[in-house]
Amino acid sequence: MPSRQLEKIYEPQAVEARWSQHWLDQGYFTAKSGAPAESYTIVIPPPNVTGSLHIGHALNSTLQDILIRWRRMQGRNALWLPGTDHAGIATQNVVERQLHEEGNSREQLGRDAFIERVWTWKEQSGNTIIGQLKHLGASCDWSRLRFTMDDGLSKAVREVFVRLHQDGLIYRGERLINWCPRCLTALSDIEVEHEQLKGKLYHIRYPLADDPNTFLTIATTRPETLLGDTAVAVHPEDPRYNQLIGKSIRLPLTSRTIPIVGDAILVDREFGTGAVKITPAHDFNDFEAGQRHQLPHLSILNYRAQIDPEGLEKAEVEPSLRAQLVELPVGKARTIVIEALQAQELLPSIDDHQMAIGKCYRCKTVVEPFLSPQWFVKIQPLADPAIKAVETGEIRIIPEAWSNNYLGWMRGIKDWCISRQIWWGHRIPAWYCTTCYPEVKQVEQGAGSSIIPPNATPIVGRTEPSTCPTCHNAEFIQDPDVLDTWFSSALWPFSTLGWPDETPDLKTFYPTATLVTGLDILFFWVARMIMMGLKFTGKPPFRDVYIHALVRDAEGQKMSKSKGNVIDPLTKMSQYGTDALRFTLTSMASPGRDIKLSEERIEGYRNFTNKIWNAARFILMNADGKTEALPFHDRPLIDRWILTRLNYVIESVNTSLENYRFDQAASQLYHFIWHEYCDWYLELIKPALLAGDTPEGRSTRHTLFESFEILQRLLHPLMPFLTEEIWQAIPHEGESIVIQAYPTSQKDWVDPKAEEAFHIIEQVVTITRTGRALLEYGPSKKLTLYGTAKDPNQVSQLHTLITYLEQLGRGELRVTEQDDWPTDHVLRLIVGGFTIGIHIEGEVDLKKALDRIRKQTQAKQKEATRLQGRLASVDFTAKASPDVIQESKERLEALTAELSLLSSSEQQLQRMV
RNA sequence: GGGCGGAUAGCUCAGUUGGGAGAGCAUUGCCCUUACAAGGCAGAGGUCGCAGGUUCAAGCCCUGUUCCGCCUACCA
């Protein structure tokens, strides 16, 4: 057994680098396809290739790593599959920004060169985050690293698209969609972030066509879209207006006349004036109303959200106004329109109004409803089974409260717009015949998808078609759009394992066990994985979805670069050690609550790592002594006690992890290691260790090594580096802690009597120390102590525990049958039926001691009074359970005894003062 | 507008079938006791947001209410 000297303070840096590399070299994280053990799979939420590790990743990855390391140690065939996401819009924006800085643009480069540029950049810096995950200790199977745009995954994407199209679940059509005028692409509904802000509600007078001196006043938040109005609506049952239905309005600022229609869905009689303009091309509600009344669409904005000259013409806007408006951004156009209306006295009032506007989730630009041809997934048939899977509990969402969120969204789900007018991503596998649709040739000049007629028939397939089924031509142009990034992410749990091929990996590791993610991508990602997984594999992609908290800064603000409140996990890792950061995040991962991360907390757990480190040093100091493994029941009292406690912690940590209560597991380990193992056990065994080669010493030494080794294994998933370093230094069997068995509780390691005995030690030692503190006797001052109890059994217990009590009480203990100790010069204290006396010697500030005793007396008196009141209550004695009554009685009895002794101590001190 | 969560010690948070209010950090006093001063020991500190209700008993259950946060939504 080698004795090894450890440094006085734990220095994580070198340790982490060494083990990190070693684990990879040994291939401990590589899962084996077809291995006999039951598999346990987690697929990583693939971080963006553009990204670097932020604190949210650190939390997310730490929790996954804990689960994976724990299951691996339990003997499961554990696979944690890593990878990255191409993150269409986000990545394209990053590279475009680079180009911009070089005075270049993607349009100048052209599509192919631009995509090549993105790939180059991806190869160069795309794996930054992978390296950072390794630093964190993430035990991913790096040999299976995937990327959403690698060949295998791209094949899966095409396969899914083609099959959905065959099933009639993908269609192309012209719809009003959310459009980002900066990214120049369509967005899905959930890619729009809504923001509350103070806006204005404009009241505008529309003259009736047959009576220009009579006006119908409407209310709107977007006066500039008036130019695109194609009707005005009132409520059909509104007596103020319903006689106007069927008549016409002269649309201000234009030479057009538009109808007045009745619409009970669109119009809320209580709101505004009860009359509303209908602009089908610029508002989702109006679009639907337009369909109900067969109104034309009149788009007055171009794809950059500027006033479109062609639109102005079609809208028959007054020529003088046209010149002012052409190509103006929508905001400025509003000002002009308002001025024009005011000039004609058509704008009687402007009210303040709370409203929500939508912003692009990638670039925060205000999105516009925009009419354009797009690809959609018909979602209802996919959503129904996905709803059922969660309702039946086939998929569990943890914490369960989020299930309602999921179900609510799924039940109201709308078709998913999956086409994006960007270049970086999976190109839509649809082609158009250049003979049938000659205009599509312009696509190659970069004109984009708007060139393709909305009702053109695409040929969808896994590869480019050879001949057109209509005209037998063989020349095609592929649809220029790419798929929403989340389309490929939705396939992640099975595409990464080889689907659509029936690979051994797919058979071994699918369905996966647990998905660990944040709430922010429940709809973007989780819901869609469930739908796609059920549709294409017939199985739910995972059993459990664990949703963890969002990490905020110490003030509770969302961390963001612009706010400058980002806590960089890598900095903290090098400052305090990776294990300290991991443990901090783990301990704060309580369900349903955001994490406000503070530096002090990390520092506190850094101290914890050091505490464990020093316990290891202490243990290694004793590594040369002889050991003897005795059967549990023959071991010394304290050994039996600590093993009983250890057994309990093993059980509770396992249970906590089963229930995804990472916070509980962390606090159970923290409390046990620090406050039971170090504070009491290591202190209590010192006499036995120092006594040299005695039977007790040999057994204790054995228990010490054994329990500490188990503790390292128990802690390993939470603190992988520290535990490996210590485990390698202490007596152990095996080559690495990573692949050792996770501790399980043992039936025979339970001794309630040892726990009782320890409880006596704890009580007596604590009261002795309290006495010392009262008298201000420092721990190094040896004292004469007395001990007795009313019950003779308790007295004999004191006798058996005398060595422990002397060790921690730091004095010579005289146990007597009764309190026949000197009346003066002994301070008497009572606890749990025991009376403890401390001999008063030397100069002591008795007044101070007296004050503090009085304070204690007061507190106890208060409690006693309350208990007396309760026991005197007739209702209580009649209705409370016998156990509760008994407990109260015992507690009061003990309090009374303590109080009487305290008062005699008080009198005694009074005499001495 | 709807839904959800939170409000407990100076700060950050636990508190799982309703019965003596807890932890970490910070703080006070004593102590470098031979693993650890990034430590040890002993303390101080709370009308559990507010108001009602159920109960012998409420941080916990019910009703209402205030403030904060999140999700969601087509009041133009």
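All of the numbers you see were taken from the coordinates with simple rules; none came from a lab. Keep in mind it's a predicted model, so treat the numbers as computed, not measured. Note that we place each Cβ from the backbone using ideal geometry, even for glycine, and neighbour counts take in every protein chain shown.
Between A:E502 and A:L328, the C-beta separation translates, for a Förster distance of 56 Å, into a calculated FRET efficiency of about 0.45. Each residue of the stretch A:122-127 is assigned a 3J(HN,Hα), and the resulting list reads 4, 5, 6, 10, x, 9 Hz, derived from the Karplus form 6.51 cos²θ - 1.76 cosθ + 1.60 (θ = phi - 60°), x at Gly and Pro.
Among A:T644, A:T768, a tally of other beta-carbon atoms within 10 Å of each Cβ gives an order, fewest to most, of A:T644, A:T768.
Helix A:720-729 and the longest principal axis of the Cα set of chain A meet at an angle near 30°.
Give, as a single signed number, the net charge of other residues whose beta carbon lies under 14 Å from the beta carbon of A:H759, with Lys and Arg counted +1 and Asp and Glu -1.
Here the count lands on -2.
Model label sites at A:Q21 and A:Q794, defined 7 Å from Cα along the beta-carbon direction, differ in position by 6.2 nm.
Sequence-ordered 3J(HN,Hα) estimates for the stretch A:862-875 from the Karplus curve with 6.51, -1.76 and 1.60 and θ = phi - 60° stand at 4, 5, 4, 4, 4, 5, 4, x, 5, 5, 7, 5, 5, 4 Hz, glycine and proline given as x.
Per residue, the Cα convex hull of the stretch A:6-89 amounts to 145 Å³. Shown is the FRET efficiency for A:E101 and A:E762, computed with R0 = 51 Å from the Cβ-Cβ distance and rounded to the nearest 0.05: 0.15.
Would you mind telling me the antiparallel percentage of the DSSP bridges in chain A, rounded to 5?
Beta bridges within chain A, antiparallel portion: roughly 70 percent.
Whole percent per 20 Å bin, from 0 to the bin with the longest distance: what is P(r) over all C-alpha pairs of chain A? P(r) over chain A, rounded to whole percents: 12, 31, 28, 18, 10, 1.
Annotation: amide H of A:W80 within the under-5 Å range of A:I42, A:D141, sequence separation 5 or more or interchain, hydrogens built in the peptide plane. Spread over its residues, the convex hull of the C-alpha atoms of the stretch A:606-722 is 95 Å³ per residue.
Determine which residues of the stretch A:720-737 fall in the zone a paramagnetic label at A:A629 would reach in this model, i.e. backbone nitrogen under 20 Å from the point 7 Å along Cα→Cβ. The answer is A:727-737. Considering only alpha-carbon pairs that sit under 8 angstrom and 6 or more positions apart, the relative contact order computed for chain A is 13 percent. All other residues whose Cβ lies under 12 angstrom from that of A:V482 are scored, Lys and Arg at +1 and Asp and Glu at -1, for a net of 0. Taking Cβ atoms as reference points and 10 Å as the exclusive limit, the residues near A:M573 contribute a net charge of -1, counting Lys and Arg as +1 and Asp and Glu as -1. Highest mean first, the peptides A:424-435, A:832-843 sorted by other C-beta atoms within 10 Å per residue fall in the order A:424-435, A:832-843.
The stretch between A:L145 and A:S255, if pulled fully straight at 0.36 nm per residue, gains 33.3 nm over its current Cα-Cα span. Taking the charge dipole of the stretch A:690-785 about its Cα centre, with +1 at Lys and Arg Cβ atoms and -1 at Asp and Glu Cβ atoms, the residue from A:T700, A:A757, A:A741 reaching farthest to the positive side is A:A757. Each Lys and Arg adds +1 at its Cβ and each Asp and Glu adds -1 at its Cβ; summed about the Cα centre, the stretch A:393-531 shows a dipole of about 240 debye.
Ranked by the mean number of other Cβ atoms within 10 Å of their residues, highest first, the peptides A:850-860, A:616-626 fall in the order A:616-626, A:850-860. Between A:Q354 and A:D851, the simple spin-label model (points 7 angstrom out along Cα→Cβ) gives 5.5 nm. This model, with +1 at the C-beta of Lys and Arg and -1 at the C-beta of Asp and Glu, gives chain A a dipole about its Cα centre of some 540 debye. Sorting A:R870, A:R97 by the number of Cβ atoms found within 10 Å of their own Cβ, with the fewest placed first, yields A:R97, A:R870.
Along the axis of the charge dipole computed for chain A (Cβ charges of +1 for Lys and Arg, -1 for Asp and Glu, origin at the Cα centre), the listed residues A:V234, A:L347, A:G425 are led at the positive end by A:L347. As a calculated quantity, the FRET efficiency between A:D883 and A:D544 at R0 = 56 Å, using C-beta atoms, amounts to about 0.90. Stretching A:D568 away from A:K753 to a fully extended chain increases their span by 61.7 nm, per 0.36 nm per residue minus the current alpha-carbon distance. Each of the peptides A:459-465, A:295-301 was scored by the mean count of other Cβ atoms within 10 Å over its residues; in descending order, highest first, they stand as A:295-301, A:459-465.
Under the combined filter of DSSP loop state and at most 14 neighbouring Cβ atoms within 10 Å, the stretch A:87-141 retains these GluC sites (Glu not before Pro): A:E102. Counting every pair of alpha carbons in the stretch A:350-406, the share spaced more than 14 Å apart comes to 75 percent. Counting other Cβ atoms within 10 Å as a rough exposure proxy, the listed residues A:R645, A:R163 run A:R163, A:R645 from fewest neighbours to most. Return one number: the angle in degrees, 0 to 90 and rounded to the nearest 10, between the long axis of the Cα atoms of helix A:88-101 and the longest principal axis of the Cα atoms of chain A. Helix A:88-101 and the main axis of chain A meet at about 80 degrees. Taking 0.36 nm per residue of separation and subtracting the Cα-Cα distance, full extension of the segment from A:K198 to A:Y171 would add 5.9 nm.
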